[in-house]
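The values are calculated or read from the model by the stated rules, or taken from the named source; none is laboratory data. Just so it is clear, the model here is predicted, and its values are computed rather than measured. Methodologically, a virtual Cβ is constructed for each residue, glycine included, from the backbone with ideal geometry; neighbour enumeration extends over all protein chains shown. Side chains are part of the model used for accessible areas, which takes the heavy atoms of the whole protein and leaves out ligands, DNA and RNA. Shrake-Rupley method; radii C 1.70, N 1.55, O 1.52, S 1.80 Å.
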Amino acid sequence: MSDPSLLALTLAEARDGLARRSFSARELTAAYNGAVSEIEPLNAYITPTPEQALAMADAADQRLARGEALPLDGIPLAVKDLYCTKGVLTTAASHILDGFRPTYESTVTDKLWQSGAVMLGKANLDEFAMGSSNTTSWYGPVENPWRRPGDNRPLVPGGSSGGSAAAVAARAALAATGTDTGGSIRQPASFCGIVGLKPTYGRCSRWGVVAYASSLDHPGPLTRTVRDAAIMLKAMSGHDPKDSTSAPVAVPDFEAALTGDIRGLRIGVPKEYRVDGMPAEIEEVWQQGVEWLRAAGAEPVEIGLPMTKYALPAYYIIAPAEASSNLARYDGVRFGLRVESETLDDLYELTRAAGFGAEVRRRVLIGTYVLSAGYYDAYYLKAQRVRTLITRDFVTAFERVDCILTPTAPSAAFAIGEKAEDPIAMYLNDVFTVPANLTGVPAIAVPVGLSGDALPLGLQIIGRAFDEETVLRVGDVLESAAQFRCLPSFVAGGPR
Amino acid sequence: MMEGRTGWWETVIGLEVHAQVVSKAKLFSGAATQFGAEPNTQVSPVDAAFPGMLPVINRFCVEQAVKTGLALDAEIRLESVFDRKNYFYPDLPPGYQISQYQQPVVGRGKVALDMPDGTTREIGITRLHLEQDAGKSLHDQHPILSYVDLNRAGIALMEIVSEPDLRSAEEAGIYLRKLRSILRYLGTCDGNMEEGSLRCDCNVSVRRPGEPYGTRCEIKNLNSIRHVMQAIEYEARRQIDIIEEGGTIAQQTRLFDAGRNITRPMRSKEEAHDYRYFPDPDLSPLVLDPEWVTRMRVQLPELPDTKKARFVSAYGLSPDDAAVLVAEKETALYFERVAAGRDPKAAANWVMGDLFGALNRLGVGIEQSPVSAEQLGSLMDLIANGTLSGRLAKEVFAEMVATGADPGSIVEAKGLRQVTDSGAIEAAIDTVLAAHADKVAEYRAGRDKLYGFFVGQIMRATQGKANPALVNELLREKLTGESGGAR
């Protein structure tokens, strides 16, 4: 059993405790290693790295003892297994990457280790980050630590960063890295009752992160609080010359932006986000969020984002198109799985058929189709035009407002298998999150309340490009107002 | 024009040249590009398309492409886009080639060809774009397995596409030589076809003069100018034969079989790949600063056409001689060093005559010439100041080729200095005339042809060192002026 008092700390509290030498990095990491074992039933980790974690913690302790503490010294993190980690199995939750140990470290994780953070292990995810329920992993589904009271059916943690979200929510990591291509940080954060931040496109380097859809993939953090998200984002950000789409912009002190003062800020409330079939409780929690921000001195403004309804269809053309090309490199020739064959075509076909799961195959096929001669203009090109129009929507909106408040997902967590038969219903999970991926603007998901089933619900704050500071400031105020203190039914160190 | 059974045919040719960019690093990965390295030693994780790896454009390669575009008098596009060309092959690790499809960095341009009849012909350039090379598949190393060498994977290529303006195999050859010359002048491609740094795809069709273009076939991956010309000859003849026998040409990709000197089908239009081009989301559009392009334009070196014009006007060379001298940058440079401060026509004659002959015999280029431009210049100086006769100079030159020594030291060591001392020459003449008194008599009786005999004897007596002009002057004097015989 892990030490519950250490596991209950937020990242900011743990950082301060380490600095005060109230406990050592080794103690903290040992507690978290225990927590990682304890939550094994959730299947949140694919590869725990406890020895490496302790070695990193010891190094942190030495720096702390010398008074040379780094910003994240001794902070134990989960790493979504889409980030390449040097010498450590990196799977993208796919059979096709069997046995793949990168010879390189992703820029973002390297920055985290350079800041003193400790790697607890590689977190489970949807295969190649394709999914909204973390049920497509070759390593099996992740369970949400939350359950509906009186209902023993395991729930999905959301996806694709489901392992990261479940680990942070179940107190088996202080924070985690995720990636968000259509909502893959914010939706699982919302389903697991934690904070998820998708930064501006270009803020965090994609170098060394296994690509799903390059123009939409955003590395970012999942944390228990908005402050923790600010601390993580600072360590993860910065221009990377190895990523041509990385932005050469300065990294602000995001934590300093949490002033609690949002007086006079104009908060956009887009009418188009009231979608058909959205549960009343989501609408209610959204209204509550508007009132909280108003009470804090902000000015809610109804805005229009007329292209919203085209965002999801455009996303499900552009993302598979890029994926179909990005995933061509998994061919059995140089690394990962190979199904030995007599001919080259057989090698490709058998390896890819065996190595990719159903959802990946579906998206590769859709992507190949929409890029094919004769269909390119009707699908891919049109989707790119829609993307331009959606961006214009946001640019226009941000002339009037400082940020936009929306629900994070159209529902609370659902049971594993509940939507498995209908890929379209699954895709609808991303309806509120996808626009920020298509436009690249930052967005944060903050837990604010419980559904009728006593499951967490979250709200999303979307901001201007490279204005994560406003997003975090408003998120922090929302978090303070909501006072969301509920815990999942299964947390490490807690009662079962 | 080619004559068929039913009349004359015109061959229509467009070339796609793949020119390897001279650069120490690859187009997107930073890995080295040295030719002939051990297999798979010049490969980065980007080239091998490992998960999470991303391309970053090599600015120097862009500079090389822009320079080439400027030299082709082409439109430089300030914004261009890299696309992915998707297909599966083991020597293409990512499953796509990064290329430029709809928005190449260089647009329309032109190349002037010097035709054998002395006229100039302008060939249109459609575009030039940057793209990555693929690796190399080796199918002959193992009975059933194929090997892949990724050293070449990711190296920068310029694809230079011509308009269908060429009308014969010969023109195609002239075009390729001219293009190669321009690339070498610029230093943007070494033009070394044996090492594969210049490869060519030929689009060939035939038509009766005045008719619209016929259906074309593309002959892939030719790696010598001779093969290009042979393949075009064969392909045009093949198409003419088919049409004249009532058949039609099927659009095809074909390969040239150099052993049998024929082209054969590789794949038909129906089997053509669908490359699913789309803009590479890992790379932003390539944006060029117009001022930077202007600086590139100003910094362009003198190119073959300009140089040729200058050689004609400044040195008074014939256009033909000038064309020969400017064809290779190194030759032009060599010539100018020899000609500096000397008689340019004589310099041109030495370079194109004796030097080219010697280099041909040795089978080396002018860069490896055993005789430097400075040495050849000194040799010319020795002729000009009378130290050497033309004949002696050729002897000295042969020695220079054989030993690489300076002409001055050869003259000293071998005592080849021309004798200009009239006393010594007179003495030699007297000796010869005395020894051949009978022939002197015959000469004086009218046998003029014997004059050459006396010259030969005198030159032999002086080991060829006697100044020929002095010999002439004194000999004539003695044979005619002194009819009374030796004093």
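Structure data summary
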quantity	calculated
Leading residue by the ranking (farthest from B:Arg417 (Cα to Cα)) among those in segment B:387-404 that are among the small types (Gly, Ala, Ser) and assigned to a helix (DSSP H, G or I)	B:Ala402
Any chance A:Pro279 is in contact (Cβ under 8 Å) with a residue 12 or more places away in the chain, open to solvent by 20 Å² or more (accessible area, probe 1.4 Å) and over 25 Å from A:Glu299 (Cβ atoms)	yes
Close pairs (6 angstrom Cβ cut-off, 6 or more residues apart or separate chains): assigned to a strand (DSSP E or B) in segment B:276-293, open to solvent by 60 Å² or more (accessible area, probe 1.4 Å) anywhere	B:Val287/B:Glu79
Pick from segment A:14-36, criterion free of Cβ contacts under 8 Å to residues at least 24 places away in the same chain and surrounded by fewer than 17 Cβ atoms within 10 Å (Cβ to Cβ), ranking: nearest to A:Arg171 (Cα to Cα)	A:Asp16
Positions within segment A:146-168 being more than 14 Å from A:Ala229 (Cβ to Cβ), under 13 Å from the mean Cα position of the chain (by Cα) and outside any loop (DSSP other than H, G, I, E, B), in sequence order	A:Gly162, A:Gly163, A:Ala166, A:Ala167
Residue in segment B:30-42 that is among the aromatic types (Phe, Trp, Tyr), open to solvent by 10 Å² or more (accessible area, probe 1.4 Å), part of a loop (DSSP other than H, G, I, E, B) and within 14 Å of chain A (Cβ to nearest Cβ) present	no
Tally, over segment B:432-471, of residues that are surrounded by 14 or more Cβ atoms within 10 Å (Cβ to Cβ), in a helix (DSSP H, G or I) and not charged (D, E, K, R)	16
Count of residues meeting criterion [exposed (fewer than 13 other Cβ atoms within 10 Å of the Cβ) and of a type in the set (Gly, Ala, Ser)] in segment B:235-267	4
Meets criteria (out of contact with any Ser or Thr (no Cβ under 7 Å at 6 or more places or on another chain), assigned to a strand (DSSP E or B) and of a type in the set (Lys, Arg)) for B:Arg264	yes
Count of segment A:442-454 residues which are in contact (Cβ under 8 Å) with a residue 40 or more places away in the chain and more than 19 Å from the chain's Cα centre (by Cα)	5
Verdict on B:Tyr213 being closer than 30 Å to A:Tyr376 by Cα, away from chain A (no Cβ under 14 Å) and either modelled with pLDDT of 95 or more or open to solvent by 50 Å² or more (accessible area, probe 1.4 Å) (or both)	yes
Search result, residues across segment B:53-90 that are without any contact (Cβ under 8 Å) to a residue 60 or more places away in the chain, surrounded by fewer than 22 Cβ atoms within 10 Å (Cβ to Cβ) and either within 14 Å of another protein chain (Cβ to nearest Cβ) or among the aliphatic types (A, V, I, L, M) (or both)	B:Val56, B:Arg59, B:Phe88, B:Tyr89, B:Pro90
Selected residue (criterion: farthest from the other protein chains (Cβ to nearest Cβ)) from residues of segment A:207-221 that are in a loop (DSSP other than H, G, I, E, B) and either open to solvent by 10 Å² or more (accessible area, probe 1.4 Å) or among the β-branched types (Val, Ile, Thr) (or both)	A:Asp217
Within segment A:114-126, tally of residues that are hydroxyl-bearing (Ser, Thr, Tyr) and within 14 Å of chain B (Cβ to nearest Cβ)	0
Leading residue by the ranking (farthest from A:Thr90 (Cα to Cα)) among those in segment A:37-51 that are in contact with a Gly (Cβ under 8 Å, 6 or more places away or on another chain) and surrounded by fewer than 19 Cβ atoms within 10 Å (Cβ to Cβ)	A:Pro50
Among the candidates B:Asp201, B:Asp190, residue that is assigned to a strand (DSSP E or B) and surrounded by fewer than 19 Cβ atoms within 10 Å (Cβ to Cβ)	B:Asp201
Qualifying residue in segment B:40-57 (condition: in contact with a His (Cβ under 7 Å, 6 or more places away or on another chain) and of a type in the set (Phe, Trp, Tyr))	no
So A:Pro188, is it open to solvent by less than 10 Å² (accessible area, probe 1.4 Å) and without any contact (Cβ under 8 Å) to a residue 60 or more places away in the chain	yes
A:Val79 vs. criteria within 19 Å of A:Ala167 (Cα to Cα), surrounded by 23 or more Cβ atoms within 10 Å (Cβ to Cβ), touching a strand residue (DSSP E or B) at 6+ places or on another chain (Cβ under 8 Å) and within 14 Å of another protein chain (Cβ to nearest Cβ)	yes
Of all residues making up segment A:299-357, the number that are more than 10 Å from chain B (Cβ to nearest Cβ), within 23 Å of the chain's Cα centre (by Cα) and among the small types (Gly, Ala, Ser)	5
One residue from A:Lys86, A:Lys111 being open to solvent by 10 Å² or more (accessible area, probe 1.4 Å) and either within 12 Å of chain B (Cβ to nearest Cβ) or more than 23 Å from A:Asp58 (Cα to Cα) (or both)	A:Lys86
Candidates B:Pro290, B:Pro281, B:Pro319, B:Pro265 - the one that is away from every other protein chain (no Cβ under 14 Å) and touching a helix residue (DSSP H, G or I) at 6+ places or on another chain (Cβ under 6 Å)	B:Pro319
Residue match in segment B:105-125 (condition: within 14 Å of another protein chain (Cβ to nearest Cβ) and either open to solvent by 10 Å² or more (accessible area, probe 1.4 Å) or in a helix (DSSP H, G or I) (or both))	no
Index of the failed condition, A:Arg363 passing every other in (1) away from chain B (no Cβ under 14 Å); (2) within 30 Å of A:Val290 (Cα to Cα); (3) crowded, with 22+ Cβ neighbours inside 10 Å	(2)
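Yes/no matrix, rows are residues, columns are (1) over 19 Å from B:Phe311 (Cα atoms); (2) surrounded by 14 or more Cβ atoms within 10 Å (Cβ to Cβ); (3) touching a helix residue (DSSP H, G or I) at 6+ places or on another chain (Cβ under 7 Å):
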| position | (1), (2), (3) |
| --- | --- |
| B:Arg342 | no, yes, yes |
| B:Gly353 | no, no, no |
| B:Gly363 | yes, no, no |
| B:Ser372 | yes, yes, no |
| B:Gly377 | no, yes, yes |
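To keep it simple, each residue is scored yes or no on (1) without any contact (Cβ under 8 Å) to a residue 40 or more places away in the chain; (2) within 27 Å of B:Ala402 (Cβ to Cβ); (3) more than 20 Å from the chain's Cα centre (by Cα).
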site: B:Ala322; (1), (2), (3): yes, no, no
site: B:Ala332; (1), (2), (3): yes, yes, no
site: B:Leu355; (1), (2), (3): yes, yes, no
site: B:Val364; (1), (2), (3): yes, yes, no
site: B:Ser378; (1), (2), (3): yes, yes, yes
